[in-house]
Amino acid sequence: MSKSPRQMTLVAFLQAQNCSNYAGSWRHASSMTDYLSPEYYQRIARTLEAGKFDMAFFDDRLAMPDIYGDGHQDTVKYGVRPIKLDPTTVLMAMAMATSKLGLGATYSTTYYEPFHVARLFASLDLMTKGRVAWNVVTSMNNSEAANFGRSEHLEHDLRYDRADEFMEVVMGHWDTWQEGAIIADKAAEIFADPEMVKRLDHQGQYFNSRGPLTVPRSPQGHPVILQAGQSGRGLAFAARWAEVVFCKYPTLENGKKQYQALKDGVANAGRDPDSLKIAPELKIIVAETESQAKEQRDYIASLSRPIDGLIMMGETLNIDFSGRPYELPFTDEELAAMSWQGLRDKVIQISGKKNPSVKDFVEASGRGTLNDGPVFCGTGAQVADQMEEWFKSACDGFVLSATSVPGTYEDIVRLVVPELQKRGLFRKEYTDTTLRGNVGLAKPRAGDWRRKN
């Protein structure tokens, strides 16, 4: 029997707010402005499902960006991601408008309790019939800490140590109901087999949680685990827990190295490398002709403002860039304290400086600009050519960011998806009703994660 051809995983990278992760997108003439309504997200969801996307995924933060200038005024004035709706609520609005599209939401291990997250995502998974994913994050900055009554954010590696135990508790709660526990025998008056429902009774360094969880398993076993850590500690966490990893590749050659390193890390953690899908972030600008696509790119690039990047870097690095001399190098201690170490390492690599300055961070990171990550620009065939090249050696699919909403996704579905389908690189129809089934991940049984860790 011949093996089925390898298929791309396609994920839409969304924000439950006034703009995409490209802050200037709200300034685009065609971007919709009803982002505080369910219809906004439902329209996007229908477009993605028509294009057979695997998943719509929501990034999130737990605070308005207010580190730059020690205040939120510029964030609000210039619309640099000041609005952040709870993504799980938005996810359910989209779920009601679709039947096959996977739906992922970010939830923090630093500011929530494991039982709450286990119950919330297990319930979401049941209500969508097995289409939900949880993006596991450790949060980023002191603004988030302040919103939850803390004086400062936890140190980077400590956050991941705590997150490892958080995952053990959540996964343990998801195991408390075994498959087939519910009998529902009315004549015998037996609802469920008590031997198949267990307490967790977890007592650890960071958490104590008894259980049992009050939510049985879903059609896909449990929600798909997403993760985006790219630091050394973050990669170790992803190798242990993640089923889909989102990443940033500055170049194809860099991507090949990252891809192999993460696959090797999964193998070293005792897991099958094929059980992990790796998807770099990508922006696509596509039109009927190459010249039209380039015109669109020039227009989109013109929408960014210097303040966008400064505010966004402050948020993700937990550093105020506003009062610092532009070319003063950061000290080793200041660099070590930065929250998003993957971005810090990227700037050091691209700038070639061990101690980069604000200027280096602005120029090398691309934050807030169109150049924050790769951009594939051209006709549908030209974009598909580039995606195919990356897919062959550096990834299992892509996380697609928007530069206008919903226009970016409408263009991709109309012009790029048919090209990928013609080449046999992407499905023409959904093959399953669950997210796991469509992404090509096995359905886990209760306790599988213990045997693999």
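The values are calculated or read from the model by the stated rules, or taken from the named source; none is laboratory data. Quick caveat: nothing in here was measured; it's all calculated off a predicted structure. Reconstructed Cβ throughout: ideal geometry from the backbone, glycine too, with neighbour counts over all protein chains shown.
Some points to look at:
- Of the residues making up the range 108-131, those that are under 18 Å from L200 (Cβ atoms), without any contact (Cβ under 8 Å) to a residue 40 or more places away in the chain and of a type in the set (A, V, I, L, M, F, W, C) number 1.
- Residue in the range 55-63 that is within 26 Å of V417 (Cβ to Cβ), modelled with pLDDT of 95 or more and not aromatic (F, W, Y) present: yes
- If the condition is being in a helix (DSSP H, G or I) and either at pLDDT below 90 or assigned by TED's automatic domain parsing to the domain that holds V416 (or both), then the range 311-321 contributes M312, M313, G314, E315, T316, L317.
- Within the range 14-50, tally of residues that are among the hydroxyl-bearing types (S, T, Y), touching a Ser or Thr at 6+ places or on another chain (Cβ under 9 Å), part of a helix (DSSP H, G or I) and under 18 Å from A105 (Cβ atoms): 1
- Qualifying residue in the range 38-48 (condition: polar (S, T, N, Q), touching a Pro at 6+ places or on another chain (Cβ under 9 Å), in the same structural domain as N147 (by TED's automatic domain parsing) and closer than 16 Å to R305 by Cα): no
- Taking helices (runs of 4 or more DSSP H) as the structural unit, no element lying wholly within the range 354-445 holds at least 3 residues that are closer than 18 Å to F13 by Cα, among the basic types (K, R) and assigned by TED's automatic domain parsing to the domain that holds L124.
- Looking only at residues of the range 272-308 that are touching a Phe, Trp or Tyr at 6+ places or on another chain (Cβ under 9 Å) and in a helix (DSSP H, G or I), we find that the one that is surrounded by the most Cβ atoms within 10 Å (Cβ to Cβ) is D308.
- Test result for A336, of a type in the set (A, V, I, L, M), outside the structural domain of L154 (by TED's automatic domain parsing), over 22 Å from T98 (Cα atoms) and surrounded by fewer than 16 Cβ atoms within 10 Å (Cβ to Cβ): yes
- Which listed residue, of V80, V90, is in a loop (DSSP other than H, G, I, E, B) and surrounded by 18 or more Cβ atoms within 10 Å (Cβ to Cβ): V80
- Qualifying residue in the range 159-167 (condition: at positive phi and surrounded by fewer than 17 Cβ atoms within 10 Å (Cβ to Cβ)): no
- The one condition from (1) assigned to a strand (DSSP E or B); (2) crowded, with 24+ Cβ neighbours inside 10 Å that F53 does not meet is (1).
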